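The values are calculated or read from the model by the stated rules, or taken from the named source; none is laboratory data. Nothing here was measured: the structure is a model prediction, and the numbers come from that model. We place every Cβ from the backbone using ideal geometry, glycine too, and count neighbours over all the protein chains shown.
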Amino acid sequence: MASKRMRLRLLSGIGFAVILALIFIVPASAASLVSYDFENEGANNWTSTTGTWSVVQDGSSSVYYQSSSSEGRTSAGNSEWTNYSVQSEVKIDNFNGSNRTLICGRYGDGNNYYAASLSNSNGGTLEIRKKLSGSSTTLAAKTGVPLSTGTWYAVKLELNGSTLKMYVNGTLQLTATDSSLTSGAIGLVAFKTAAKFDNIIVSELSGTPTATATATPSATPAQTPAATATPAATPTSVPTAAVTPTPTPSAPADAFSAYNLTGFSIGNSGGGIVNESNTALYKKVYTATDLAAALKKGSGVKVIEIMNDLNLGWNEIPSAAQTSPFAAHNSPLTHPVLLQTGVSKVTLDGFDGLTIFSANGAKIKHAAFTIKRSSNLIIRNLEFDELWEWDEASKGDFDKNDWDYITLEEDTNVWIDHCTFNKSYDGLVDSKKGTSGVTISWSTFKGDDRSSNSWVTRQINALEANSSAYPMYAYLRSSAIGLSKEDIIAVASSQKKGHLVGATSFDSGNSNLSITLHHNYYLDIQDRLPRLRGGNAHVYNILADNSAAWAAKSRITTAMETAIAGKGYHFGVTSNGSISTEGGAVLVEKSNFVDILYPLRNNQTDPADSSYTGKIKALDTMYSLNGVSFRGNSDTSGSPLAPVPAAIIPFSWSGISALPYSYPVDDPSTLAARLTASNGSGAGKLNWTKSNWLQTMY
């Protein structure tokens with residue numbers, strides 16, 4: 001069938017030949033199964049499940065149009081088709097940021113298909129994508145391919161056994177291999193784009209068996225036979241049986257889709273896509289005074305770009321900034337730097353839709369942020385530092401200053417991404433008072449590096465110079481205990497607390513708590529990955545490496561521990577991983593725990609009282625301690641990941657039947673390399689344009 005139009009514009013910069021209407025003439029080696037031109041039959045043979053689809057006029061032609069800014073999905077054809085090509089003319093009227101338009105094959109439903117994808121991210125991106133049981137993977141990608149709105153492109157997806165090919169304007173662009181999906185109908189997906197489709201042709205590939213063609217709509221998800229898609233290697237809901245470890249293909253290192261927002265904060269748009277020329281909504285912050293103005297309640301600001309490092313201690317900010325949202329925090333008592341700078345508390349209250357980011361990974365020092373009663377908040381590509389000091393006041397229990405880098409209270413939808421958090425006095429990021437919809441992703445949390453001028457070393461040097469003024473330190477250094485200065489630095493360098501989720505036992509809001517931690521690198525964090533009281537926590541693809549903290553623990557003998565405790569002092573190394581208590585549910589998937597004595601705990605108060613016990617389970621997770629390694633599930637017989645210390649409660653989500661989002665995963669054996677790579681976790685890793693930091697999908 002010839003095309004209705006001969007106006008397909010060439011993709012600039014990639015050397016396409018002139019394409020005439022003959023592109024849509026089916027080759028002699030292929031048999032046309034079905035075609036759709038939307039002229040006479042309209043969209044009668046298509047079944048849309050999401051979005052706003054209609055047949056409209058484009059010039060003299062009738063075309064199939066998805067106009068809403070949400071995801072639109074529609075399908076047609078036969079669920080038994082196996083080896084075929086599907087080609088369509090595509091015109092994107094609005095990318096609505098940097099979203100995707102997809103031509104799908106072997107389409108079972110909205111959670112299972114292959115696709116040829118067009119996006120304007122990274123100068124224009126072509127992809128072959130797979131969605132399997134709701135988890136999306138980029139199988140092949142090419143960036144720097146200019147794609148324009150209002151331009152017709154001819155896109156073809158060819159599926160032949162496990163070989164997948166993508167053509168644009170008649171030229172082969174991408175090839176991938178995957179065997180997860182063997183049959184299915186065709187589909188169109190406009191992920192938040194406004195797009196038009198026309199002249200869709202499905203052709204049987206020569207020499208391959210294909211089911212008899214029909215032009216009836218494809219089966220709805222409820223009707224699709226189970227055999228149309230191979231089950232995913234990793235479940236996205238509670239499993240009913242043990243999972244055999246199966247490596248899951250990862251996106252290429254340069255595929256930005258790996259950084260898409262997922263988890264419980266899915267749907268969070270932050271402050272949106274705002275042009276930096278809009279100075280009412282977009283504020284560039286160079287000083288504490290700038291930040292105070294931007295974060296003032298009711299400011300109306302939607303995007304805050306941190307332009308450079310900020311020292312925000314109460315004594316070092318100007319008087320113009322010493323006003324709400326800034327306030328003096330608890331006064332430092334021991335660290336020589338903080339005694340000079342002071343510490344500020346910065347409170348964000350009542351924001352709805354706000355993105356705070358840095359294009360260069362700027363560092364914020366000497367400040368604790370509390371975010372209250374806010375929603376749709378995004379914090380990206382920032383480093384937080386210098387908020388710890390030696391604790392004599394509560395004898396090493398770190399229970400006085402209450403300095404957390406970020407505390408969330410009564411919030412909904414918070415995404416913290418590509419940030420770095422250094423050692424702090426109390427927690428790193430805590431979530432309280434029923435806060436829900438939190439995702440923390442691609443971030444690094446780490447203890448002190450013990451170098452000659454590190455934050456902890458400077459503190460211990462100050463104590464050493466005047467030890468008589470610090471009774472606890474003096475006792476540790478005395479002959480009664482016998483620790484050297486180097487021993488104390490080694491033990492003190494790891495971070496005591498990670499994420500407390502739910503601050504008060506049996507608080508009425510705890511059932512609302514929800515948090516996702518994924519692709520985070522925890523280096524020498526002793527505890528709380530997370531520590532959950534009620535609600536739900538999903539932990540996947542994290543690397544928790546406590547090898548230095550575990551080695552430092554051996555510097556304190558049992559006799560030393562007894563003597564230290566006898567004086568009422570707290571000095572040592574806790575060794576916990578993920579913790580679920582008080583009816584909470586924590587699922588750990590495809591993660592890696594290194595040198596943690598208790599990787600999974602289910603009670604922190606009274607193992608004999610089941611009201612304090614939580615539900616926790618690990619799937620396909622790696623674990624090593626003292627040279628002994630394991631990979632598997634927590635419920636495998638003899639598994640070192642089995643929760644302690646209480647009787648195990650069978651896992652189920654709290655208040656939900658399944659996770660409300662899909663998520664791609666990496667094999668846990670790749671996490672060490674992936675998260676420490678140049679494009680891995682933490683601030684300052686991605687050299688992106690500013691607009692990328694404002695997007696949530698790539």
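Any residue at all in segment 518-527 that is on the phi > 0 side of the Ramachandran plot and of a type in the set (Phe, Trp, Tyr)? Show your work before the answer.
From segment 518-527, those on the phi > 0 side of the Ramachandran plot are 519, 524; that's our starting set.
Next, only the ones that are of a type in the set (Phe, Trp, Tyr) stay: none.
The answer is no, given that none of the residues of segment 518-527 is on the phi > 0 side of the Ramachandran plot and of a type in the set (Phe, Trp, Tyr).
Any residue at all in segment 527-550 that is of a type in the set (Asp, Glu) and either touching a His at 6+ places or on another chain (Cβ under 9 Å) or touching a residue at least 40 places away in the same chain (Cβ under 8 Å) (or both)? Even if it seems obvious, please write down each step before you answer.
Our first condition is that a residue be of a type in the set (Asp, Glu); within segment 527-550, this holds for 527, 545.
Now drop any that are not either touching a His at 6+ places or on another chain (Cβ under 9 Å) or touching a residue at least 40 places away in the same chain (Cβ under 8 Å) (or both), which leaves 527, 545.
Yes, segment 527-550 contains at least one residue that is of a type in the set (Asp, Glu) and either touching a His at 6+ places or on another chain (Cβ under 9 Å) or touching a residue at least 40 places away in the same chain (Cβ under 8 Å) (or both).
Please name all residue pairs, on different chains or six or more residues apart, with Cβ atoms under 7 Å, provided the first residue is in segment 642-660 and is more than 27 Å from Ile596 (Cα to Cα) and the second residue is surrounded by fewer than 16 Cβ atoms within 10 Å (Cβ to Cβ).
Hits for this filter: Ala658/Ser237; Leu659/Ser237.
Is it the case that Ser505 is surrounded by fewer than 23 Cβ atoms within 10 Å (Cβ to Cβ), assigned to a helix (DSSP H, G or I) and polar (S, T, N, Q)? Working first, answer last.
On the way: surrounded by fewer than 23 Cβ atoms within 10 Å (Cβ to Cβ): yes; assigned to a helix (DSSP H, G or I): no; polar (S, T, N, Q): yes.
No, not satisfied.
Where in segment 614-685 are there strands (runs of 3 or more DSSP E), lying wholly inside it, with at least 3 residues that are of a type in the set (A, V, I, L, M) and in the same structural domain as Gly534 (by TED's automatic domain parsing)? Talk me through it step by step, then tell me what you get.
Working: elements: 615-619, 621-625, 628-632.
Filter on segment 614-685 gives 615-619.
Cβ-Cβ distance below 9 Å, separation of 6 or more or different chains: which pairs start in segment 439-451 with a residue that is of a type in the set (A, V, I, L, M) and end on one that is in a loop (DSSP other than H, G, I, E, B)?
Qualifying pairs under 9 Å: Ile440/Cys419; Ile440/His499; Ile440/Asn520.
So how many residues does segment 149-164 have that are farther than 13 Å from Leu118 by Cα and touching a residue at least 24 places away in the same chain (Cβ under 8 Å)? Full working, then the answer.
Residues of segment 149-164 farther than 13 Å from Leu118 by Cα: 150, 158-164.
Checking which are touching a residue at least 24 places away in the same chain (Cβ under 8 Å) leaves us with 150, 158-161, 164.
Total meeting the criteria: 6.
Considering only residues of segment 477-523 that are in contact with a strand residue (DSSP E or B) (Cβ under 6 Å, 6 or more places away or on another chain) and among the hydroxyl-bearing types (Ser, Thr, Tyr), which is nearest to Glu589 (Cα to Cα)? Steps first, please.
Taking segment 477-523 first, the residues in contact with a strand residue (DSSP E or B) (Cβ under 6 Å, 6 or more places away or on another chain) are 495, 498-503, 510, 512-519, 521-523.
Then drop every residue that is not among the hydroxyl-bearing types (Ser, Thr, Tyr), which leaves 514, 516, 521-522.
Numbers: Ser514: 16, Thr516: 11, Tyr521: 15, Tyr522: 15 Å.
Looking at the filtered set, the residue picked out is Thr516.
Report, by residue number, each residue of segment 58-110 that is among the small types (Gly, Ala, Ser), buried (at least 24 other Cβ atoms within 10 Å of the Cβ) and part of a loop (DSSP other than H, G, I, E, B).
Selection gives Gly77 alone.
What is the residue count in segment 318-348 for residues that are outside any helix (DSSP H, G or I) and under 27 Å from Leu463 (Cα atoms)? I'd like the intermediate steps shown before the answer.
Within segment 318-348, the subset outside any helix (DSSP H, G or I) is 318, 322-335, 342-348.
Okay, now just the ones that are also under 27 Å from Leu463 (Cα atoms), so 328-335, 342-345.
Adding up the residues that qualify gives 12.
Assess whether Lys296 counts as being in contact with a strand residue (DSSP E or B) (Cβ under 8 Å, 6 or more places away or on another chain) and among the basic types (Lys, Arg).
Details: in contact with a strand residue (DSSP E or B) (Cβ under 8 Å, 6 or more places away or on another chain): no; among the basic types (Lys, Arg): yes.
So Lys296 does not fit the description; no.
Which one of the conditions (1) farther than 30 Å from Gly568 by Cβ; (2) hydrophobic (A, V, I, L, M, F, W, C); (3) assigned to a strand (DSSP E or B) does Trp314 fail to meet, given that it meets all the rest?
Result: Trp314 passes all but (3).
Go over the candidates Gly353, Gly361 one by one and state the one that is outside any loop (DSSP other than H, G, I, E, B), under 22 Å from Tyr282 (Cα atoms), at pLDDT 95 or above and within 24 Å of the chain's Cα centre (by Cα). Break it down stepwise before answering.
Values: Gly361 fails: outside any loop (DSSP other than H, G, I, E, B).
Going through Gly353, Gly361 in turn, the sole match is Gly353.
Taking Asn311, is it modelled with pLDDT of 95 or more, over 21 Å from the mean Cα position of the chain (by Cα), surrounded by fewer than 20 Cβ atoms within 10 Å (Cβ to Cβ) and under 18 Å from Ala362 (Cα atoms)? Working first, answer last.
Values: modelled with pLDDT of 95 or more: yes; over 21 Å from the mean Cα position of the chain (by Cα): yes; surrounded by fewer than 20 Cβ atoms within 10 Å (Cβ to Cβ): yes; under 18 Å from Ala362 (Cα atoms): yes.
In short, yes.
Contact list please: Cβ distance under 7 Å, first residue in segment 289-307 and assigned by TED's automatic domain parsing to the domain that holds Ala327, second residue of a type outside the set (Lys, Arg) and surrounded by fewer than 16 Cβ atoms within 10 Å (Cβ to Cβ), pairs at least six apart or on different chains.
What qualifies is Thr289/Pro318; Thr289/Ala320; Ala292/Thr323; Lys296/Ser324; Lys297/Gly350; Gly300/Ala280; Met307/Tyr286.
So, in segment 585-613, how many residues would count as being within 21 Å of the chain's Cα centre (by Cα) and part of a loop (DSSP other than H, G, I, E, B)?
Of segment 585-613, the ones within 21 Å of the chain's Cα centre (by Cα) are 585-593.
Right, trim to part of a loop (DSSP other than H, G, I, E, B) and you get 590-591.
Matching residues across segment 585-613 total 2.
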